[in-house]
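Step one of this worksheet: look at the structure below.
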Amino acid sequence: MVDQLIVLLAVFLIAAAVGTLVAKVGKFPYTVALLLAGLGMSAVLSVYNIPIVEQLFGQVSLSHDIILYLLLPPLLFEGAATTDLERFRRNLVPILTLAVPGLVVAVLLLGVVGTRAFGFDLLIALLFASMILPTDPVSVLALFEEVGAPERLSVLVEGESLINDGVGVVVFSTLLALVTSGTDPTSLLNPAEAAGVAGEIVVVSLGGAVVGLAAGYAVYSVMVDLDEPMTEIVLTLVLAYGAFVAAEHYLGVSGVIATVVAGLFIGNQGAEYAMSPRTKVTVFNTWETFAFVVNTFIFIAIGVQTRIPSLLSNWQLILGAIVLVVLVRAVIVYPTVGLLNLRREGEIPRSYQHVMVWGALHGSIPIALVLGLPAVEQVPGSYPRGELTAMVFGVAAFSLIVQALTMENLLDRVGITTRSDAEELYELLLGRARAVDAALDAAERLERRNDIPSGVYDDFEAEYGRERDDLHEAISALMGSNPELRHEQLLMGERRVLQQEKSAVIDAIREGVVTSDVGERLLEEVDLKLESVRSGTSTVRETEEGYTEAWRQRAEEFGLDVDLDVPEADETPSAEDRDGGSGSGTGAE
């Protein structure tokens, strides 16, 4: 027990050291720092014999179940919970196409080519492909945020990674079961056998999604009536692990997909309607820290298990794997996106495609999967565990060091527009405005509790009040001189307001304030407005109604003698004009 505690303390110490390095150096992705820590551990253990390290880490048995049940849930849940579902939904088609059929085809392609390139049999080559191809965008997304890369590019990279992590682990688990059972690799060439494997993957994935949705809603139903950050952290912890265990262990479906879906639900619906601002910050900071500690353990463990001599002796396999992984990624992305662009809807520029190919990094998920591979003696037949571990570590090292650290140069070379000066100034003004509002609220609370004299409060109010007015004036001037920025902020604000409208109508139906048929009509109208906003067209105008709500027409027909400000029929659409469809409202400035 003491030995395991020492291992945990060592992981925390290394995590703190890496965090300090990143904070001091700056512009240094923490995953790169963790990889270097793992390589450093490998180098030290290759030169010096340190029995205590090998003994301690050797006693932590990293079986497939330990990796699956203990280490993967926090990584997957944290990534899903921080994904904006609204932005994800707007890019759903390219994300799902690349992350599901795209990943499956990539695994098959790399597996088939790998039989020749690596000398593995088909099942082992496919197993390697399913381990290495799931992507880890943490380093790239940190850079995107720093340089202000376009929002859509960030969403495409993050969304694909989220889904292909889940799908990749499902494919890996299926293939690992075939390897450990001694299945003849040639049996996969039988169409009936291959169809059976594919059908099993589909069934467990869909089943996992249902379990995740049900678990997420159950926890959300409890959280919506709470405002206790510590309790809600515990509930999200129960959700992440509970959804995984219920799906994987008890129901025989995908725990990975269940955890991802549960994270998406609670990170969006739960964060929007069931968490106060204070709770939201506490919950997400806790999960970010948890994921960081798990990542630290994973990278240090791979360093302990894979020594530098092993990497050097397998350099040809590693080099071949690096080249093939990048080539397979290119073969999947360019044709797939080219076909998607034929729709003429939401076209993905060629410059984005270059970044999506080179920015497909391979980090914690592939390393976690290879750490959970069974020992050689537990698998019948030829099973090159050492080579697989070295290859995954080598590809991850190239990915996180070379690809991640050259991404900024690639963005400049392909001419992707980064954050404008106006957007950067707006963020500065908005951030300061929020700080000033928080300061005024704090001063008011202190004065109410008699913690500060009224005269001191008046000084605070006067000082911060002047700054608040100046900030509002500066923001207004900035919006006036930058109509594109104003329109973008209008659409973003309108989406949030409409989501609150929708929540209020749902509450009114639940409480019996309105009947279900009236409520459905109101919800349909809000959904139409949301669809209009998603298409880039606002329903808000400054001087007149930008959208004719059904209640206005109904009240006018009823003969109410009030000024209802109903526009002419040909000026703006109404809910009844749209057949419940997908047209868009009138434009805004």
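The values are calculated or read from the model by the stated rules, or taken from the named source; none is laboratory data. Please read these numbers as outputs of a predicted model, since none were measured by experiment. All Cβ positions, even for glycine, are placed from backbone atoms using ideal geometry, and neighbour counts span all protein chains on display. Heavy atoms of the whole protein, side chains included, go into the accessibility calculation; ligands, DNA and RNA do not. Shrake-Rupley method; radii C 1.70, N 1.55, O 1.52, S 1.80 Å.
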Gain upon complete extension [ALA555, VAL518; 0.36 nm per residue less C-alpha separation] | 11.9 nm
Could you give log10 I(q)/I(0) at q = 0.19, 0.23, 0.29 Å⁻¹ for region 90-147, computed by the Debye formula over C-alpha point scatterers of equal weight, without solvent?
-> -0.75, -0.87, -1.04
Whether region 136-271 is rounded, prolate or oblate, judged on the alpha carbon gyration tensor where a/c under 1.5 counts as rounded | oblate
When the chain is fully extended, how far beyond the present Cα-Cα distance does THR97 get from PHE12, taking 0.36 nm per residue of separation?
-> 26.7 nm
Report the dimensions of the chain along its three principal axes from the alpha-carbon atoms, largest first, rounded to Å.
-> 86, 64, 50
Whole-angstrom gap from region 369-430 to region 165-219, using each part's C-alpha centre | 25
Please identify which residues in region 283-305 have an amide N closer than 20 Å to a label point set 7 Å out from the Cα of LEU226, following the Cα→Cβ vector.
-> 283-291
Calculate how large, on average over all directions, the projected area of the Cα convex hull of region 446-493 is; give the answer in nm² to one decimal.
-> 4.5
Please state the relative contact order of region 311-456 as a whole percent: Cα pairs under 8 Å, 6+ residues apart?
-> 28
Leaving ligands, DNA and RNA out of it, rank TRP315, TRP287 by accessible area with a 1.4 Å probe, largest first.
-> TRP315, TRP287
Length gain on complete extension for the stretch ARG434 to ALA177, per 0.36 nm per residue less the alpha carbon to alpha carbon distance?
-> 87.2 nm
What residues have an amide H closer than 5 Å to that of LEU373, excluding those fewer than 5 places away on the same chain, when H is modeled at 1.01 Å from N in the peptide plane?
-> none
Counting only C-alpha contacts under 8 Å and six or more residues apart, can you give the relative contact order of the chain as a whole percent?
-> 17
How big is the charge dipole of the chain about its Cα centre, in debye rounded to the nearest 20, if each Lys and Arg gets +1 on its Cβ and each Asp and Glu gets -1 on its Cβ?
-> 3260
Report Rg/Rh for region 425-565, rounded to two decimals, where Rg is the Cα radius of gyration and Rh the Kirkwood radius.
-> 1.11
Is the shape of region 74-226 best called rounded, prolate or oblate, per the rule: a/c under 1.5 gives rounded, else a/b larger than b/c gives prolate, else oblate, with a ≥ b ≥ c the square roots of the Cα gyration tensor eigenvalues?
-> oblate
Provide Rg and Dmax in Å for region 241-302, with only Cα atoms included in the calculation.
-> 14.1, 40
Separation between the SER503 and SER63 pseudo-spin-labels, each 7 Å from Cα along Cα→Cβ, expressed in nm?
-> 4.4
In Å, what Rg and Dmax follow from the Cα atoms of region 314-451?
-> 24.4, 78
Cα extents of region 216-374 per principal axis, largest first, Å, are 57, 50, 33
Karplus couplings for region 80-90 from phi (6.51 cos²θ - 1.76 cosθ + 1.60, θ = phi - 60°), rounded to Hz, Gly and Pro as x?
-> 6, 5, 9, 8, 6, 5, 5, 5, 4, 5, 5
Label point distance in nm, SER46-ASP469, each placed 7 Å from Cα along Cα→Cβ | 6.7
Can you tell me what the convex hull of the Cα atoms of region 64-113 projects to on average, as an area in nm²?
-> 4.8
Post the alpha-carbon centroid distance, region 255-304 to region 120-135, in whole angstrom.
-> 27
Run the 1.4 Å probe and let me know the accessible area of GLU345, rounded to the nearest 10 Å².
-> 130
Debye-sum result for region 373-465 in log10 I(q)/I(0), which assumes one identical scatterer on each alpha carbon, at q = 0.14, 0.16 Å⁻¹ = -0.75, -0.83
